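Structure first, commentary second.
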Amino acid sequence: MSYSDVLIGLQFGDEGKAKIIDLLAEDYDIIARFNGGSNAGHTVVHEGKKLILRQIPSGVMYADKQLYIGSGCALNLVQIADEIARIESAGIDVKGRLAISGLISVIQPHHIELDCLFGKYVGTTKNGIGPYYAGRCTRVLDQRLQNIRLGELLMKEELFEAIADNYRFHQEIYGFESEVDLEDYLAKMRASLKNLEQCIVQEQNYLLQEVKAGKTVLFEGAQSFLLDVIKGTVPFVTSSHTMASYAYVGGDLPAKYHRKTIGVAKAVMSRVGEGPFLTEIGDDSILDPVKNAKQNEAHLDVEKMLLSSDTNTYAQGLRIASNEYGSATGRPRRMGHLDIPLMKWSIECNGVDEVYLNKIDLFNLFAQGGDKIPVVSAYQLAEGAKTDRFSPLVDKIERPDYLDIPSFSDPKKSEGTVLEIEKLVGTKIKAYGIGPAREEMIFRS
Ligand code: GDP
Ligand code: IMO
Ligand code: MG
């Protein structure tokens, strides 16, 4: 029987989604992306090989799997050319089994410029994602086509002139000082388009036909639920839909094939970029992309920092010990306690059937030498009231309310701790991660 499953992140991104996709991909025929673009940084570690993927689906490690990039994604032609070259140079074929929807649109150079100019408030990844999705909705601006679809670009060379015109038009309005050479950038886009020609599917029901022919699909969410453009912590979100149900819009398959929804969370929470993080430890305003870059924090005495009563020092220690730096951007991530109401909210909104919980091996770091791990079980509202319901309209919340769960002596023996988390979130935790590699997962009975 043909079916499709959807995997999404339940927190603020970087939960280790790619690791779980890489683990589960074996059981599917097609791994498909339905949202986002090169803003993603997905790490897969297998047999000592580590790959950071941004647009290519994380099933790429298996030579026999088909890969699909759906119309809901943002295609950066220049970046994907580099990414494919990087993967193929590691001896892994990509182009022979990659299909890209002709209905996807392309990131244009002015999208990136505008994102660099205006993305600071949200703390974007500067991949042009916001302006790209905005342009899709704008459709036409002063008779200029804003939404340039891949399938059309392939057939109409004059659309490259439209891209150049869009660039000049926006440059005149916003006065950005270009760091890119426009002609050079367009030449790279053209070369990548030509290189990808065989991968572009003009047949709009490509995935449906594959599924009807008996294939199974695993949809890979990029970003994560709390970064959904509508349901997340607006405006500190990405610009695509990250919800599981969007897989059937951006992934180009009728929803009737849906079988189950898989949620991925991590026990050591983090967030990169601006926006509310209710269980955050320390003060994110001290985070500096250079001072707190991985190489500049590496020499610090982590053991000592983890025992510090100064929350900023403690958060820094947690970041170093758990290697929480952006996979693609290298940005230092903000650190926080496991937020149970947030997880429950994500599970509820997305109808998550089972959870994979990564980074249990690092969960003991929160015990600060003791035998209890504090997790956030509720939030204190003003005037003493309390709630255990997360809301993306977070203004009313004063501070988190903690509950202690037992720590463990060895990650391989953390079943009791995982069981406590499972009871709190009320959904089956199918397996938990004790390291970055595909094999470092413990499946529960
Ligand atoms: P994604 O964007 O959700 O795919 O996650 P990222 O790749 O951005 O970040 C997850 C990071 O955690 C990567 O460096 C992974 O190698 C690492 N990781 C994943 N699972 C585990 C785990 O169970 N334990 C540890 N220590 N690291 C993990
Ligand atoms: P993966 O798929 C973590 C965050 C950015 C910023 C906000 C908007 O690896 O989990 P954007 O560039 O999308 O306009 O940025 O969203 N963000 C992510 N955070 N992981 C990601 O992807 C992210 N993609 C975007 O930091 O706060
Ligand atoms: Mg990531």
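Per residue, the stretch 108-191 exposes 56 Å² of accessible surface when a 1.4 Å probe is rolled over the protein heavy atoms with every protein chain present. Going down the table (Lys260/Lys396; Lys215/Lys428; Lys231/Lys430; Lys231/Lys359), which pairs top 29 Å between alpha carbons? As for pairs spanning more than 29 Å Cα to Cα, those are Lys260/Lys396.
Translational diffusion coefficient of the stretch 406-445 (Stokes-Einstein, Kirkwood radius from Cα pairs, 4 °C, 1.567 mPa s): 122 µm²/s. Would you mind checking Lys95/Lys294; Lys19/Lys413; Lys266/Lys294 for any pair whose Cα atoms are more than 29 angstrom apart? Those over the limit are Lys95/Lys294. Using C-alpha pairs below 8 Å separated by at least 6 residues, the relative contact order for the stretch 280-336 is 44 percent. Using the 1.4 Å probe convention, the accessible area of the stretch 343-435 works out to 48 Å² per residue with neighbouring protein chains retained. Cα centroids of the stretch 1-39 and the stretch 203-264: 9 Å apart.
Its Cα gyration tensor gives the chain an equivalent ellipsoid. The semi-axes, each the square root of 5 times an eigenvalue, are 36, 25, 20 Å from largest down.
Remark: relative contact order (the stretch 1-68) = 32 percent; criterion is Cα-Cα distance under 8 angstrom and separation of 6 or more residues. For the stretch 280-336, the solvent-accessible area of protein heavy atoms averages 50 Å² per residue (probe radius 1.4 Å; ligands and nucleic acids excluded). For the stretch 26-70, the spherically averaged projection of the C-alpha convex hull amounts to 3.2 nm². By the rule of a C-alpha distance below 16 Å, with chain neighbours fewer than 8 residues away ignored, the aspartates and glutamates paired with Lys120 are Glu274, Asp284, Asp288. Annotation for the stretch 111-162: GluC sites (Glu not before Pro) lying in DSSP loop with at most 15 further Cβ atoms inside 10 Å of their Cβ are Glu157. Surface composition of the chain: carbon plus sulfur atoms hold 51% of the accessible area, using a 1.4 angstrom probe and ignoring ligands, DNA and RNA. Label point of Ala255 set 7 angstrom out along Cα-Cβ; within the stretch 338-368, amide nitrogens under 15 Å from it belong to 349-352. For the chain, the longest principal axis of the alpha carbon atoms and the long axis of helix 77-89 meet at an angle near 70°.
Taking Cα atoms, how many degrees apart are the long axis of helix 340-350 and the longest axis of the chain, rounded to 10 and kept between 0 and 90? Around 40 degrees separate the two axes.
Relative contact order of the chain, taken over Cα pairs closer than 8 Å and 6 or more residues apart, is 20 percent.
With a cut-off of at most 14 other beta carbons within 10 Å, and DSSP calling the residue loop, which GluC sites (Glu not before Pro) in the stretch 9-109 qualify? Please list them. Answer in residue order: Glu47. Among the trypsin sites (Lys or Arg not before Pro) in the stretch 326-414, those placed in a DSSP loop whose Cβ has at most 15 other Cβ atoms within 10 Å are Arg389. What is the angle, in °, between the Cα long axis of helix 311-321 and the longest principal axis of the Cα atoms in the chain? Nearest 10 is fine, range 0 to 90. Result, in degrees: 60. Helical runs (DSSP H, four residues minimum) scored at -39500 (n - 2.57) apiece and divided by the length of the chain put the mean residue ellipticity at 222 nm at -8500 deg cm²/dmol. Here the label points at Arg139 and Ala298, each 7 Å from Cα along the C-beta direction, are separated by 5.2 nm in the simple model.
Simple rule: put +1 on each Lys or Arg Cβ and -1 on each Asp or Glu Cβ in the stretch 280-330, find the dipole, and look at Leu300, Gly317, Gly282; the Cα lying farthest toward the positive end is Leu300.
The values are calculated or read from the model by the stated rules, or taken from the named source; none is laboratory data. Fair warning: this is a prediction, and the values are worked out from it, not measured in the lab. Glycine gets a Cβ as well: all are built from the backbone with ideal geometry, and neighbour counts include every protein chain shown. Heads up: the accessible areas ignore ligands, DNA and RNA and are worked out on the full protein's heavy atoms, side chains in. Shrake-Rupley method; radii C 1.70, N 1.55, O 1.52, S 1.80 Å.
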